[in-house]
Every structure is written in C-alpha cells, then in structure tokens.
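Report on one structure; see the data block that follows.
The values are calculated or read from the model by the stated rules, or taken from the named source; none is laboratory data. As the structure is a prediction and not an experimental result, all values here were calculated from the model. As a convention, Cβ positions derive from the backbone with ideal geometry for all residues, glycine included, and neighbour counts pool all protein chains shown.
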Amino acid sequence: MSVSATAAPPEPVLFDALLRPHRSLSPAGFRVLMAAAAVALAGVGGVFFVAGAWPVIGFCGLELALVYLFFRLNFRDLTRCETIRLTEHELEVRRIAPDGAVTERVSLQPYWVQVSIRNAPGRANRLVLSSHGRDLTVGAFLAPEEREDLAQALIDALARQRRAPGAQG
C-alpha cells in the first residue's frame, strides 16, 4: 500500500515588508570617494615627501586603507534586514544578519498583536509589537517617520485580517 502526502497550499500573505537600513552612498559613489581620497592623500604625501618628511607617505597609505576598510564593513551591513509577514494565522518577524543567516524568528498570533509607537524624552521613537506580555521592537534602523508609516500600514493590515472570515481570537 502506498501513502502519498500532499503539502498544504501556503497561506495567502496579507502583509509583507522587507526592512533594510538606508545607505546614501552607492557603490559607484564609493569608487568616486575612494579615488578622490587617494588623489588627495597622494598630494599630501607628495608635499611632505618633497619637504623631506617621507615617512608621512606611509601614514597617508594607512589612512586610505582604514577608510576603505570601514566603508567595506559598512557596505557589508547592507544585507542586514528584517522581514514582517502577516498571514491569516501568523505574524512572523525575522531578523537576518549580514551573512544571510536568520538570527531571530518570532511568530505571533495576529489577533492579539498590538502595534504601538513609543516615544521617550530625548530619544527616537520605537515601533513595538506587543502580544501576551512580550514586546518586540522592529525597524530600529528606520527613520522615525518610516517607523510611523510602517506602524500605520501594519495596523491597517491587522485590522483587515481580523475582519476577514475565519480570523481566530
């Protein structure tokens, strides 16, 4: 006797957001910046070389190497992201590290999730998902206005999900 198992069809996604940190410097801009820094540091090093202070050239090279290294580390962080996915039965938040590994996965029952923007004096606002006594901050790397827009979109999606037939409580 053969038994065949069929996979259940995936639930329709009601809300899906991919959150990434903003980077204002493109890869082409990075190349231009590094070329300009190399030219400037070569000029400074050349002036000191002509003046007889030739060791300064080594420090200019070290400075250029450090600028390159720190920008490369910053670009590596571009792949860090968070995803928020709402289906009929689950609100899932995943945090993805720069190497692509999922560092955290939180599953919440959407009927009970409360979305709030919390403001603290002297600090940026926080977007918090609360459910059953647990708070989860999302989008910490977003601008305050972006967190407010995301909160409103998530509130609207949760309201639609709760009104849908078959929403569980």
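Pick out the one residue from Arg80, Arg23 that is under 30 Å from Gln114 (Cβ atoms) and of a type in the set (Lys, Arg). If you could, list the steps in order and put the result at the bottom.
Numbers: Arg23 fails: under 30 Å from Gln114 (Cβ atoms).
Only one candidate qualifies: Arg80.
Residue-wise test of (1) in the same structural domain as Val138 (by TED's automatic domain parsing); (2) farther than 20 Å from Leu154 by Cα; (3) at pLDDT 90 or above.
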{"position": "Ser2", "(1), (2), (3)": "no, yes, no"}
{"position": "Thr6", "(1), (2), (3)": "no, yes, no"}
{"position": "Glu11", "(1), (2), (3)": "no, no, no"}
{"position": "Val44", "(1), (2), (3)": "no, yes, yes"}
{"position": "Gly52", "(1), (2), (3)": "no, yes, yes"}
{"position": "Ile84", "(1), (2), (3)": "yes, no, yes"}
{"position": "Thr87", "(1), (2), (3)": "yes, no, yes"}
{"position": "Trp112", "(1), (2), (3)": "yes, no, yes"}
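Within the range 18-44, work out how many residues are touching a residue at least 40 places away in the same chain (Cβ under 8 Å) and surrounded by 12 or more Cβ atoms within 10 Å (Cβ to Cβ).
As a first pass, look at the range 18-44 and keep what is touching a residue at least 40 places away in the same chain (Cβ under 8 Å): 18-23, 25, 27, 30.
Then drop every residue that is not surrounded by 12 or more Cβ atoms within 10 Å (Cβ to Cβ), which leaves 19-21, 23, 25, 30.
Qualifying residue count for the region: 6.
Do we have any residue at all in the range 110-121 that's closer than 16 Å to Leu19 by Cα, assigned to a strand (DSSP E or B), of a type outside the set (Phe, Trp, Tyr) and more than 15 Å from the chain's Cα centre (by Cα)?
Filtering the range 110-121 for residues closer than 16 Å to Leu19 by Cα gives none.
Among the residues of the range 110-121, not one is closer than 16 Å to Leu19 by Cα, assigned to a strand (DSSP E or B), of a type outside the set (Phe, Trp, Tyr) and more than 15 Å from the chain's Cα centre (by Cα), which makes the answer no.
How many of the residues making up the range 54-79 are surrounded by 12 or more Cβ atoms within 10 Å (Cβ to Cβ) and either at pLDDT 95 or above or over 30 Å from Ile96 (Cβ atoms) (or both)?
7
Name every residue in the range 14-42 that is modelled with pLDDT of 90 or more and either of a type in the set (Phe, Trp, Tyr) or closer than 30 Å to Glu88 by Cβ (or both), in order of residue number.
Residues satisfying the conditions are Phe15, Asp16, Ala17, Leu18, Leu19.
Quick check on my filter: what residues within the range 98-111 are loosely packed, with under 14 Cβ neighbours inside 10 Å and under 15 Å from Leu136 (Cα atoms)?
Of everything in the range 98-111, those that are loosely packed, with under 14 Cβ neighbours inside 10 Å and under 15 Å from Leu136 (Cα atoms) turn out to be Thr103, Glu104, Arg105, Ser107, Gln109.
For the range 4-17, does any single residue satisfy the condition of being at positive phi and surrounded by fewer than 13 Cβ atoms within 10 Å (Cβ to Cβ)?
no
Within the group Arg126, Arg162, which residue is surrounded by 12 or more Cβ atoms within 10 Å (Cβ to Cβ), modelled with pLDDT under 95, over 22 Å from Glu88 (Cα atoms) and not polar (S, T, N, Q)?
Working: Arg162 fails: over 22 Å from Glu88 (Cα atoms).
Exactly one residue qualifies, and that residue is Arg126.
So in the range 83-97, with the set limited to residues that are without any contact (Cβ under 8 Å) to a residue 40 or more places away in the chain and surrounded by 14 or more Cβ atoms within 10 Å (Cβ to Cβ), which one is nearest to His132 (Cα to Cα)?
Glu92
Which condition number in (1) in a helix (DSSP H, G or I); (2) closer than 30 Å to Asp135 by Cα is the one that Val44 fails?
Val44 satisfies every listed condition except (2).
Going by the structure shown, is Leu73 within 22 Å of Phe141 (Cα to Cα) and assigned to a helix (DSSP H, G or I)?
Details: within 22 Å of Phe141 (Cα to Cα): yes; assigned to a helix (DSSP H, G or I): yes.
Taking the combined requirement at face value, the residue satisfies it.
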